[in-house]
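Following: one structure in structure tokens, then a few remarks.
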């Protein structure tokens, strides 16, 4: 049986179409996925992301070392975080260099970091984190008492300020992008998964439904998983399980920029494997594709690359029709030899696609 977030009744009330997603009953849309997509690009929309997993890391003893723990656990380096509230995006790797999950970690103090991981990987993530935390005397606390609402779009912040508690507004007003603020029972991050500005608001379960209604009352429209996926793909943001998996390293998933190689003596899980992969020459990379002919790009379609008389192959990892560009777009893992064009096999036909940087839309504008 699927789980339900604390906002499930609101999704039903607002006439959301409910589907199973990673073991959760979630709204895929509230009518028109395309309208919801444009609502976020042009104004403000909100998403229930309470199925995401919020984890607080705190010290178990005076000898505990949260920073050292995260420096070992993550491929990116939390030592970069020196200002309270600063967030960092990172992959958490297994010993073979594959991606267990991607996540955001907030540095709040030397004694407290907050981590947000994906719903579909909850069990293995918590098991992996707990397995290694004990060696560093770190307490791992899953915050099952908190809900999370993402408010996204060019008008998201202004509209959210109309209904957020005064102390939350005061904490959120000066926030720079990719920073979070502790507001007692509430926590607000200027982060998101759409390529637009906005907030991810963590708050007690008991207060989530009221905030949902207040946001809707000022024109922040509910949006479902469908729009969330087209928005994140236009923004070139990876989806776990599609664009990265336990069997792919960050180097072939477009996430090499998230690996902190310095200092050289920092040992993180999977480092030696991906160092060897890098030294040997990475054979694949993630690119963006724009289909030049009629059709729709979908995951697992074959990509054909012609190089020096040889026919090389890759694969689309995520694909969709872009409502913003009115073209079919995709992320694809392809041979590094790929040029400016390639072909995609769709229903037995080879259709021409243009190769671009894997970001299609940023802040509402085509890139």
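Readers should treat all values here as calculations from the given coordinates under stated rules, not as data from a laboratory. Note that the structure is a prediction, hence the values are computed from the model and not measured. Cβ placement follows ideal geometry from the backbone for every residue including glycine, while neighbour counts extend to all protein chains displayed.
One table, with the values for the structure above:
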| item | result |
| --- | --- |
| 342, 223 arranged by Cβ crowding within 10 Å, fewest neighbours leading | 342, 223 |
| 222 nm mean residue ellipticity, helices alone, for the chain (DSSP H n ≥ 4; -39,500 (n - 2.57); rounded to 500) | -6500 deg cm²/dmol |
| Cβ crowding within 10 Å averaged over residues, with 275-284, 318-327 ranked highest first | 318-327, 275-284 |
| Cα-based shape type of the range 221-367, given that a ≥ b ≥ c are square roots of the gyration tensor eigenvalues and the cut on a/c is 1.5 | oblate |
| Translational diffusion of the range 283-366, µm² s⁻¹ [Kirkwood Rh, Cα pairs; Stokes-Einstein; 37 °C; 0.692 mPa s] | 260 |
| Euclidean distance between Cα centres, the range 197-227 to the range 236-305, Å | 33 |
| Three-way shape label, the chain, alpha-carbon gyration tensor, a/c 1.5 | oblate |
| Kirkwood-type radius of the range 77-220, with distances r between different C-alpha atoms, in Å | 16.3 |
| Spatial separation of Cα centroids for the range 11-76 and the range 89-165, in angstrom | 9 |
| By average C-beta atoms within 10 angstrom, highest first, the peptides 146-155, 56-65 | 146-155, 56-65 |
